[in-house]
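The values are calculated or read from the model by the stated rules, or taken from the named source; none is laboratory data. Keep in mind that what you see is a predicted model, and the values were worked out from it rather than measured. Every residue, glycine among them, receives a Cβ derived from its backbone with ideal geometry; neighbour counts consider all protein chains shown.
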Amino acid sequence: MSKYNQPSLSIVVPALDEEKTLERVVRWTFEELAKLTPDHEVIIVNDGSSDTTGQIADRLQTEYSSLKVIHHLKPTGLGGALEAGFSKSSKDLISIITADGEFWPTELKKFYDCFKDGSVDLVSSYVPNRKMPIYRKFLSFIWRVWMKLVLGEIPPLEGIYMTKKNIHIPKLINNFSGMWNMEFILRAKKSNRRIKVISMEMHPRKNMRDSKVLNMKTIFITVKEIYNLKKILKKKV
């Protein structure tokens, strides 16, 4: 527990070629964190960006004493970026804000408030009435059906989540795609952690062609990682 007698909070910001939005997202995140707890930090993971994302992160670090920056020479995928950020975190709770601004930092309060009575270990989310193009809704539907067929269940996660840092999850096998998050949630569930699911909003990119997940390489890796996760879940966590 933080010296302020309330949970401290780490926010991991994975960023790959997000020079257009990173600074706005990070400044906004710090503004919202200041309303929640004085004991907080933001961790930017520059995941091998080829634009000025890394320089922006370094400049912001000179302004915020509680900002950490991790640089990867080459992209490691969302899973690799999150693994690095979670490992570097030092606070009681950990959450994620994506550098593209799809999930607004104003949502953090509703997650943080769930931990005040000590009744939960992890707070996940669903996004009602998701405003997405038809083709992305179709891909999401196919993905969820595939998860159900292979794993027998769908992780309760559509947006961001917040978790206690002291949840012990052995090193995750999925280290490239967003399946890192799904594996974290499912293995926490298998470990009988207390999970609460709340609603939140999502604000998709204006240009979906900038998405880092809607490409054949990531889709192929995600399918492979779902199979890997099935093997892991059959074993003792």
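Kindly establish whether residue 158 is at pLDDT 75 or above, surrounded by 15 or more Cβ atoms within 10 Å (Cβ to Cβ), of a type in the set (Asp, Glu) and over 22 Å from residue 89 (Cβ atoms). Answer is yes for this residue.
Considering segment 166-207, the residues that are within 15 Å of residue 87 (Cβ to Cβ) and surrounded by fewer than 16 Cβ atoms within 10 Å (Cβ to Cβ) include one that is modelled with the lowest pLDDT, namely 170.
The number of residues in segment 1-40 being part of a strand (DSSP E or B) and either under 20 Å from residue 114 (Cβ atoms) or among the aliphatic types (A, V, I, L, M) (or both) comes to 7. For residue 39, the test of being in contact with a Phe, Trp or Tyr (Cβ under 6 Å, 6 or more places away or on another chain) and not hydroxyl-bearing (Ser, Thr, Tyr) is passed. Restricting to segment 56-67, name every residue that is of a type outside the set (Asp, Glu) and closer than 14 Å to residue 22 by Cα. Once the filter is applied, which keeps residues that are of a type outside the set (Asp, Glu) and closer than 14 Å to residue 22 by Cα, segment 56-67 yields 56, 57, 59, 60, 61, 67.
So, residue 60, is that one touching a residue at least 60 places away in the same chain (Cβ under 8 Å) and touching an Asp or Glu at 6+ places or on another chain (Cβ under 9 Å) or not? Judged against the criteria, residue 60 is not a match.
Out of the helices (runs of 4 or more DSSP H) lying entirely within segment 48-142, which hold 1 or more residues that are surrounded by fewer than 20 Cβ atoms within 10 Å (Cβ to Cβ) and under 16 Å from the mean Cα position of the chain (by Cα)? Spell out the reasoning first.
On the way: elements: 53-63, 77-88, 108-113.
Fully inside segment 48-142 and qualifying: 77-88, 108-113.
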